[in-house]
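The values are calculated or read from the model by the stated rules, or taken from the named source; none is laboratory data. If you're wondering where the values come from, they're calculated on a predicted model, not measured in any experiment. All Cβ positions, glycine included, derive from the backbone under ideal geometry; neighbour counts span all protein chains shown. Areas reflect the complete protein model, heavy atoms only, side chains present, ligands, DNA and RNA absent. Shrake-Rupley method; radii C 1.70, N 1.55, O 1.52, S 1.80 Å.
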Amino acid sequence: SIIETAKANGLIPYDYLVKLFEELPKRQANDSLDNLLPWNVQRL
C-alpha cells in the first residue's frame, strides 16, 4: 500500500499524504507524478 511504501522509504505516512493532497490539485493531467512517489520525496 502507499502507506507501507512511505514507511519503507523513511517517511511519516500522515505527512506524506498531506504533501500529496497539497500537490496533486496543482498538477495538470499530463504532468509526471514521479517526483511525488515515496522514494523520490525528500524527508518530510
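Taking the range 1-16, which residues are in a helix (DSSP H, G or I), open to solvent by 50 Å² or more (accessible area, probe 1.4 Å) and either touching a residue at least 24 places away in the same chain (Cβ under 8 Å) or not acidic (Asp, Glu) (or both)?
Result: 2, 3, 7, 8, 14, 15.
Can you work out which of the residues in the range 17-43 that are assigned to a loop (DSSP other than H, G, I, E, B), open to solvent by less than 90 Å² (accessible area, probe 1.4 Å) and of a type in the set (A, V, I, L, M, F, W, C) is modelled with the highest pLDDT?
My answer is 37.
Within the range 17-44, count every residue that is charged (D, E, K, R) and in contact (Cβ under 8 Å) with a residue 24 or more places away in the chain.
Final tally of qualifying residues: 2.
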